[in-house]
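Q: Below is the structure I would like to discuss, written out as structure tokens.
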Amino acid sequence: MDAFVWDQNFVTGLPDVDKQHHDLVDLFNELSRSMFLTDGGREDLLHGTFERLVAYTEYHFRDEEALMRAEGVDPRHIATHESMHQQFVTQVSTMWSRR
């Protein structure tokens, strides 16, 4: 079962950002599914998937925040968005530590 279902809530109308959002949803769901595996390679798969999710998340957040600055988005909105990004990283890290 997927933890996230891709829907219009993730769509920004910016093709590059939307692709990155879809990639993040896919990676997060891959990590979620990996947690339920029972074979011997589970930990290696989990660790590799988690590292890819974290690396891609960092890349995406930097890219998206830079795009917002370059487009002149209100700094208050950017600050709120950055806070949401940090909350996501915290939630993923908590999930990882409690696995």
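The values are calculated or read from the model by the stated rules, or taken from the named source; none is laboratory data. None of these values were measured; they are calculated from a predicted model. Positions of Cβ are generated from backbone atoms using ideal geometry, with glycine treated the same way; all protein chains shown enter the neighbour counts. Surface areas here come from the heavy atoms of the whole protein model, side chains and all, with no ligands, DNA or RNA. Shrake-Rupley method; radii C 1.70, N 1.55, O 1.52, S 1.80 Å.
Q: Against the longest alpha carbon principal axis of the chain, how many degrees, from 0 to 90 and to the nearest 10, is the axis of helix 42-70 turned?
A: The angle comes out at about 0 degrees.
Q: Which shape class, rounded, prolate or oblate, goes with the stretch 16-67 when its Cα gyration tensor gives a ≥ b ≥ c as root eigenvalues, a/c under 1.5 marks rounded, and past that a/b bigger than b/c marks prolate?
A: Because a/c hits 1.5 or more and a/b exceeds b/c, the stretch 16-67 counts as prolate.
Q: Let me ask you something else. Which entry is the computed Rg and Dmax of the Cα atoms in Å for this structure: (i) 14.8, 50; (ii) 12.7, 38; (iii) 16.1, 55?
A: Of the listed options (i) 14.8, 50; (ii) 12.7, 38; (iii) 16.1, 55, (i) comes from this structure.
Q: Moving on to the next point. Which of the GluC sites (Glu not before Pro) found in the stretch 1-78 are in a DSSP loop and have at most 10 neighbouring Cβ atoms, other than their own, within 10 Å?
A: Within the stretch 1-78, the qualifying GluC sites (Glu not before Pro) (loop, at most 10 other Cβ atoms within 10 Å) are 71.
Q: Using the heavy atoms of the protein chains alone and a 1.4 angstrom probe, what is the accessible area of the stretch 1-92 per residue in square angstrom?
A: Per-residue value: 66 Å².
Q: First compute the accessible area of the chain with a 1.4 Å probe, then give the percent of it belonging to carbon and sulfur atoms.
A: Answer for the chain is 56 percent, counting heavy atoms of protein chains only.
Q: Separate question: What is the angle, in °, between the Cα long axis of helix 15-34 and the longest principal axis of the Cα atoms in the chain? Nearest 10 is fine, range 0 to 90.
A: Roughly 20 degrees between the two axes.
Q: Report the full-extension gain for the segment residue 7 to residue 82: residue separation times 0.36 nm, less the Cα-Cα distance, to one decimal in nm.
A: So the extension gain works out to 24.8 nm.
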